[in-house]
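See structure below.
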Amino acid sequence: MLYSSTIYHQPSATMDSTGNALAAFVDFTVFPASQLYSARYVAGSGWEAVELVNDLDVPREPAIAMDDVGNAFVAWRHATVSGTGVSGSRFVPGTGWEERVLLKDSPGGSPDPLPAHLDGLGGIVAHWATDSAAEGVRLELARYVPTVGWQPPESFDFIGADGIVRDLALALQASGAAVVTWSERESAGDQLYAHRFGSE
């Protein structure tokens, strides 16, 4: 057994090419307060002790990803003064979890974090879907550049021009190319769209 509490955990897991793994999960034992934890599996050794990642602003719905050299990133949704936000934390082997970074504050919205893309060189592309009365449904991303830091969030403005958007998904390649897919509910029915961008 990895962990036990009285309420559900919303787990997310990731693994590198050598078999090491990280799991992130939430403890709602004292709901509505919550804590975000992680557990690391080391190939050939087993599970290490559970670690606290964050316990501020009711963290929930973590999405974790890892590259092949063991760097990882977890994003999660949480409460903010004005509504709901997305924050994230980097995991660096030998160092552990860094302080959280606020990626998006979405007044009146409901951002849904998705597993990030890590390029194996320290770069990260975090992304999330936001459903807001003011902005509609859109896919947003923020890039982490080593030695520079986090860049301002970008939005996919071409999504949602004609109908209600659902089921956003994004895939990225190390070269920078990416594909985003989504569904739109239109008068003609439910349409599936895709858009490719970036380097060839």
Q | Heavy-atom SASA rank of Met15, Met66 (probe 1.4 Å, accessible area, largest first) | A | Met15, Met66
Q: Have a look at Ser187, Ser89, Ser106 and tell me which one the Gaussian network model of the chain (Cα, springs below 10 Å) gives the largest fluctuation.
A: Ser187
Q. Which value, in debye to the nearest 20, gives the size of the charge dipole of the stretch 1-124 about its Cα centre, when Lys and Arg are +1 and Asp and Glu are -1 at the Cβ?
A. 180 debye
(Q) Among Ala63, Gly163, Leu114, whose Cα projects farthest towards the positive end of the dipole of the chain, with charges put on the beta-carbon of Lys, Arg (+1) and Asp, Glu (-1)? (A) Ala63
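Just need the relative contact order of the chain here, percent rounded to a whole number, with Cα pairs under 8 Å and 6+ apart.
Relative contact order for the chain comes out at 11 percent.
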Q. What fraction, in whole percent, of alpha-carbon pairs in the stretch 57-137 exceed 19 Å separation?
A. 36 percent
(Q) As I understand it, the dipole of the stretch 1-98 uses +1 on the Cβ of Lys and Arg and -1 on the Cβ of Asp and Glu, about the Cα centre. Which of Gly83, Ser34, Ser5 lies farthest toward its positive end? (A) Gly83
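The values are calculated or read from the model by the stated rules, or taken from the named source; none is laboratory data. The structure presented is a predicted model; accordingly, all values stated were derived computationally and were not measured. Backbone-built Cβ (ideal geometry, glycine too); neighbour counts: all protein chains shown. For the accessible areas, the whole protein counts, side chains as well, though only heavy atoms, and no ligand, DNA or RNA atoms are used. Shrake-Rupley method; radii C 1.70, N 1.55, O 1.52, S 1.80 Å.
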